[in-house]
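All remarks here apply to the structure that follows.
The values are calculated or read from the model by the stated rules, or taken from the named source; none is laboratory data. Computed from a predicted model, the values in this text were never measured in an experiment. Here the Cβ is made from the backbone with ideal geometry for all residues, glycine too, and neighbour counts use every protein chain on show. Note: areas computed on protein heavy atoms with side chains; ligands, DNA, RNA excluded. Shrake-Rupley method; radii C 1.70, N 1.55, O 1.52, S 1.80 Å.
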Amino acid sequence: MTENIPEEVLPLAGLRVLDFSQFLAGPSCALRLADLGADVIKVERPDGGDLCRGLVLADQGFEGDSALFHTINRRKRSFAADLKQPEDLARAKALIATADVMIHNFRPGVMERIGLDAASVLALNPRIVYAAVTGYGEEGPWRDRPGQDLLVQSLSGLAWLSGDAGIDGEGPPVPAGVSVIDLLTGAHLVQGILAALLRRGVTGRGGRVDVSLLESAIDLQFEPFTAFLNSDGAQPARTPGNHASVHGAAPYGIYRTRDGFMAVAMTPMDRLAQLIGSPALADKVADRGSWFAQRDAIKQQLQHDFRQQDSAHWLAILEPAGVWCAEVLRWPELAAHPAFEALRMTQTIRSASGATLRTTRCPIRIDGRRLFSEQGAPRLGADTDAIARELGLPGAHSSSTAATP
């Protein structure tokens, strides 16, 4: 359910979205549109469906699929269709003719071979917004490579921005611990779709929106990458310890305290030395012009000082003084914190059989209200017959029942 927001007044109520995509980037885009009220119909292969149904993380399954699939496909309906079969392809085209948005993440050339490329779809439905995700764009030597989050983090240089450089300056690259590029790309696709829908409201015509994992990864790095583009062309150096930014001066980083870890962001180093009572640090930072050039030595001294007391001791001194700092929390600590409870960031979704799964909610608020929904992800093909009847499509296909686990 929503938080006092009737389904029919959600911002995207009345929009029909066809989600042909798999895994994370495209489905995360469709999920956000569903959260905002769109009727999202997930078009899947009758044999197995979205490959994410079998992508099990942490050994957690739910209702015969991976729990991951259910977290990213809640509030959607499933329509089974084998696009290689003429009958099913005709049904899919009839469905497309009724839709406002179509999303896919097939590799370049696949939709052209099927006959569902942008030009063909827009000829069939001139008002539709055709939205596509690729790994590396439609052109170039990487266009046919697998578009996978970790690979793109590696190819885009992102993995070299994190992790300590080590004493020898050659510490290994460190990828993000979540599929940050997939989810960011999905967010970019949402932005493009909403912009195209706004234009359609003025002009009456649809259009095409394209995003790629690589372009999103580079855009994510726009701040340090811009500095690189206007530099001597050398790879920026990470600090040997307490690293958090290749271009950040001291104290920017994470430090070990006597009982945990603490993050310290931008703050004047001379003021910080005074607050923590460190004459040795004060000597090192007396020259303001050296705070970046000498950041390794400064951080080393600051780390030595922070190790002498618990995190709570330092936070009690620094936070009242206006220093930007925070304890580094693990998930059990976060989940138990009153600040997390105040967000009401979790919800329970329910399958058709009544099984429940806890997950996160949509992070967007509408008219000051949070968005919740108990509707879980669909079983493969569960809604094929209902959708066919509802939209007057050709007769129901047997795959809609045969695919039920």
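In the set ALA237, ALA250, ALA263, only one residue is open to solvent by 20 Å² or more (accessible area, probe 1.4 Å) and at pLDDT below 95; that residue is ALA237.
Residues that are more than 17 Å from ARG45 (Cα to Cα) and open to solvent by 30 Å² or more (accessible area, probe 1.4 Å) within the stretch 95-131 comprise ALA97, THR98, GLU112, ALA119, SER120, LEU122, ALA123, LEU124, PRO126, ARG127, listed in sequence order.
Just wondering, is there one or more residues in the stretch 289-312 that are exposed (fewer than 11 other Cβ atoms within 10 Å of the Cβ) and free of Cβ contacts under 8 Å to residues at least 40 places away in the same chain? Within the stretch 289-312 (the criterion being exposed (fewer than 11 other Cβ atoms within 10 Å of the Cβ) and free of Cβ contacts under 8 Å to residues at least 40 places away in the same chain), the answer is yes, since at least one residue qualifies. For first residues located in the stretch 146-166 and at negative phi and part of a loop (DSSP other than H, G, I, E, B), partners that are open to solvent by less than 30 Å² (accessible area, probe 1.4 Å) and hydroxyl-bearing (Ser, Thr, Tyr) and lie 6+ apart or on another chain with Cβ distances below 7 Å form the pairs GLY147/THR134; GLY147/TYR136; ASP164/THR239; ALA165/THR239. Quick check on VAL174: is it assigned to a helix (DSSP H, G or I) and more than 29 Å from ILE387 (Cα to Cα)? Here the answer is no, as VAL174 does not meet what is asked. Residues considered: THR71, THR98. Of these, the only one that is hydroxyl-bearing (Ser, Thr, Tyr), touching a residue at least 60 places away in the same chain (Cβ under 8 Å) and in contact with a helix residue (DSSP H, G or I) (Cβ under 6 Å, 6 or more places away or on another chain) is THR98.
Consider ARG256 carefully, then state whether it is among the charged types (D, E, K, R), open to solvent by 70 Å² or more (accessible area, probe 1.4 Å) and modelled with pLDDT of 95 or more. Yes. Of the residues SER216, SER245, SER231, the single one that is of a type in the set (Ser, Thr, Tyr), in contact with a Leu (Cβ under 6 Å, 6 or more places away or on another chain) and either assigned to a loop (DSSP other than H, G, I, E, B) or surrounded by 17 or more Cβ atoms within 10 Å (Cβ to Cβ) (or both) is SER216. Taking the stretch 315-330, which residues are in a loop (DSSP other than H, G, I, E, B) and aliphatic (A, V, I, L, M)? Within the stretch 315-330, ALA321, VAL323, VAL328, LEU329 qualify. Taken over the stretch 32-86, the criterion of being of a type in the set (Gly, Ala, Ser), at pLDDT 95 or above and under 21 Å from the mean Cα position of the chain (by Cα) is satisfied by ALA34, GLY37, ALA38.
Quick one: in the stretch 333-360, which of the residues that are assigned to a strand (DSSP E or B) and open to solvent by 70 Å² or more (accessible area, probe 1.4 Å) is farthest from GLY61 (Cα to Cα)? The qualifying residue farthest from GLY61 (Cα to Cα) is THR360. Name the single residue, out of those in the stretch 361-377 being among the charged types (D, E, K, R) and not in a strand (DSSP E or B), that is modelled with the lowest pLDDT. Filtering the stretch 361-377 for residues that are among the charged types (D, E, K, R) and not in a strand (DSSP E or B), the one modelled with the lowest pLDDT comes out as ASP367. Where strands (runs of 3 or more DSSP E) fall entirely within the stretch 1-98, those with at least 3 residues that are over 30 Å from GLY368 (Cα atoms) are at 76-80. Would you check if there is a residue in the stretch 127-145 being modelled with pLDDT of 95 or more, in a loop (DSSP other than H, G, I, E, B) and among the acidic types (Asp, Glu)? Checking the stretch 127-145: not a single residue is modelled with pLDDT of 95 or more, in a loop (DSSP other than H, G, I, E, B) and among the acidic types (Asp, Glu).
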